[in-house]
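Asks: Provided herewith is a single structure, encoded as C-alpha cells, for subsequent inquiry.
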Amino acid sequence: MLFKQQVWLRQKLLVLGSLAVGSLLYLVARVGSLDRLQPICPIEGRFGARGQAEFPLRALQFKRGLLHEFRKGNVSKEQVRLHDLVQQLPKAIIIGVRKGGTRALLEMLNLHPAVVKASQEIHFFDNDENYAKGIEWYRKKMPFSYPQQITIEKSPAYFITEEVPERIYKMNSSIKLLIIVREPTTRAISDYTQVLEGKERKNKTYYKFEKLAIDPNTCEVNTKYKAVRTSIYTKHLERWLKYFPIEQFHIVDGDRLITEPLPELQLVEKFLNLPPRISQYNLYFNVTRGFYCLRFNVIFNKCLAGSKGRIHPEVDPSVVTKLRKFFHPFNQKFYQITGRTLNWP
C-alpha cells in the first residue's frame, strides 16, 4: 500500500513539474511574440511632468513584431492604420562623427521603448540628388512608429558637409543633434583602417597611414587628408553654431561608450527628455567580441556587426605624438565651446 502511494505521488509530481515547465515556456514565448500590441502598463510621457500622451511600455516588443512583419510585407497598411502608426520626421539626428561610434549609439538608443531608429543611413541632407527629392521622400524613408515615440536617424557625413546645417535648420530649427566623438588621433586611424580594409578586399594596395597623415614635403600634419580634417571637431561645429544654439547639441564620449556605455546612454536619455528606461540589464560584455552587446529581453540579444572593433595597424609613435600635439589646441577649444572636457592626451 505504501509503495503504491509513493508511485502515485511521484507520478503526480512529474505531471505538476511538466505543467510548470510548459507554463514557463509559454509565458516566455508570449513575451517575444503574442500580446505585442497590448499595452501592459503605461509609462510617463516623453517629457515627464510636463505631460504628453501615454504609450505602451511594450512598444519595443511591438516594433520587433508588427513593424518587422510590415517591412517584410506580411502586414497590411490597414492594420498599420488601425494601430495609429505613422512615419515621422526625426526629432533627433546623430550627425556624426564618422568612426566615432554612431552605429553603436543608434543601436543602444534603440533599446529605449520610446525610440525608433532608421535602420539605414538616409544621406538626405548631404546628398544633393536625395535632397532634391524633397522632405516627403525623406519622411517615407523613416520607420513606422507611434506618434508619441521619437524617430532617430544617423548619417555621420552630415557633420562635415557644409550645406547640411542650413538644410536641417529649414526642416526643424528646434531639432536635437547628437555628436559622438573619439580621441581625434584614434578616430583618424580608425577611419584609415576602414578604408584600408576596403582596399584589401578588392586586392588593391594603399599608402601607409603615416604617409597620408604627414606631408612629406613639410613633415607637418597633412590637413588635406580627410581623416585628419574630420578629427578637427571644433572647425565643423563652428559651422553648425551659425544655425543652432549649443543647447541643441549633446556630445557623446565615444571612447567611454565602449568601456562604460550605460552612463553615456543615461546622459542621452536626459538630453532627449526621455524617461530612464535603459539599464545595466540591457548591456552585457561579450568576452569573445571584446565589447558590449545588447539585451532587449529574455529572448532577443544583439551584437554589432563583426566589422566593428577592427584591429588598427601599428602606427609610428612619433606620428601619433605629432598628431596629438596638432589636435590639442582644437580639442581645448572644443571643450570650451561644448562645456564637456574629455580625457584626451
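The values are calculated or read from the model by the stated rules, or taken from the named source; none is laboratory data. Everything numeric in this text was worked out from a predicted model, so none of it was measured. When we count neighbours, we look across all protein chains shown, and the Cβ atoms used for this are built from the backbone with ideal geometry, even at glycine. When the accessible area is computed, the model is the full protein with side chains, heavy atoms only, and any ligands, DNA or RNA have been set aside. Shrake-Rupley method; radii C 1.70, N 1.55, O 1.52, S 1.80 Å.
Asks: Along the Cα-to-C-beta direction of C293, a point sits 7 Å from the Cα; which residues of segment 109-146 have their amide N less than 17 Å from that point?
Replies: Hits in segment 109-146 for C293 at 17 Å: 111.
Asks: Okay, next question. To the nearest 0.05, how large is the calculated FRET efficiency for V195 and D128 if R₀ is 41 Å and r is the Cβ-Cβ distance?
Replies: 0.95
Asks: Given labels modelled 7 Å from the Cα in the Cβ direction, how far is it in nm from K140 to N343?
Replies: Placing both labels 7 Å beyond Cα along the Cβ direction yields 4.9 nm.
Asks: Report the percentage of all Cα-Cα pairs in segment 188-241 whose separation exceeds 17 Å, rounded to a whole percent.
Replies: Details: 660 of 1431 pairs.
Of the Cα pairs, 46 percent sit more than 17 Å apart.
Asks: Pull out the extension gain between E220 and S279, defined as 0.36 nm times the separation in residues minus the alpha carbon to alpha carbon distance; nm, one decimal.
Replies: Residue separation times 0.36 nm, minus the Cα-Cα distance, leaves 16.7 nm.
Asks: Hey, what's segment 76-196 come to in accessible area per residue, 1.4 Å probe, Å²?
Replies: That works out to 36 Å² per residue.
Asks: Stokes-Einstein at 25 °C, 0.890 mPa s, Kirkwood radius from Cα pairs: D for segment 205-317 in µm² s⁻¹?
Replies: 137
Asks: Quick check: at a probe of 1.4 Å, how many percent of the accessible area of segment 124-180 sits on carbon and sulfur atoms?
Replies: 43
Asks: When the Cα atoms of segment 113-271 are enclosed in a convex hull and the volume is divided per residue, what value in Å³ results?
Replies: Numbers: hull volume 25.7 nm³, N = 159.
Output value, Cα hull per residue: 162 Å³.
Asks: Rounded to the nearest angstrom and ordered from largest down, what semi-axes does the equivalent ellipsoid of segment 259-307 get from its C-alpha gyration tensor (root of 5λ)?
Replies: 21, 13, 9
Asks: Please say if segment 78-154 is rounded, prolate or oblate, where rounded means a/c under 1.5 for a ≥ b ≥ c the square roots of the C-alpha gyration tensor eigenvalues, and otherwise the choice is prolate for a/b larger than b/c and oblate otherwise?
Replies: Oblate, since a/c reaches 1.5 and b/c is not below a/b.
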